[in-house]
Amino acid sequence: MSHHQDTLVMYVSQHLKRKDVTSASMLQIDSKGMLLRYGINGVEQKDPVRIPFDPPLMGYEEVKPRLLSMKVDAEV
């Protein structure tokens, strides 16, 4: 899923409540959340953002459905 940059930008934008996020890439994912590097107005930010999963994932099979659900939430 890390190659879906538009979706990752939506996750970061929603989490940070910013509309000027222009890029994002996934650095890490685990049962508790994901770590994303991101850029604002084309400038990569020094510190990545951690977006938690609520509730935490119970297993690998929950990753794709959860990310798709988060995408729907971010589009609203």
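A Cβ-based charge dipole, computed about the Cα centre of the chain with Lys and Arg at +1 and Asp and Glu at -1, lands at about 160 debye.
In a DSSP loop and with at most 10 other Cβ atoms within 10 Å, the trypsin sites (Lys or Arg not before Pro) in the chain are LYS17, LYS19, LYS46.
Against the chain, whose longest principal axis is taken from its Cα atoms, helix 5-16 shows a tilt of about 90°. For helix 63-75, report the angle its Cα long axis makes with the longest principal axis of the Cα atoms of the chain; keep it between 0 and 90° and round to the nearest 10°. Between helix and principal axis, roughly 50 degrees. Here's the list of lysines a cross-link from LYS71 could span, going by alpha-carbon distance under 18 Å and ignoring same-chain residues fewer than 8 apart: LYS17, LYS19, LYS32. Over every Cα atom in the chain, the radius of gyration and the widest Cα-Cα span, Dmax, amount to 11.8, 36 Å.
Set Lys and Arg Cβ to +1 and Asp and Glu Cβ to -1, take the dipole of the chain about its Cα centre, and tell me which of GLY39, THR7, MET70 lies farthest positive. Looking along the dipole axis, the top candidate is GLY39. Heavy-atom accessible surface of ASP20, to the nearest 10 Å², is about 40 Å², with a 1.4 Å probe and all protein chains retained.
The values are calculated or read from the model by the stated rules, or taken from the named source; none is laboratory data. Treat the numbers as computed from the prediction; the structure is a model and nothing was measured. Because the Cβ atoms are built from the backbone with ideal geometry, glycine has one as well, and the counts that use them run over all protein chains shown. Heavy atoms of the whole protein, side chains included, go into the accessibility calculation; ligands, DNA and RNA do not. Shrake-Rupley method; radii C 1.70, N 1.55, O 1.52, S 1.80 Å.
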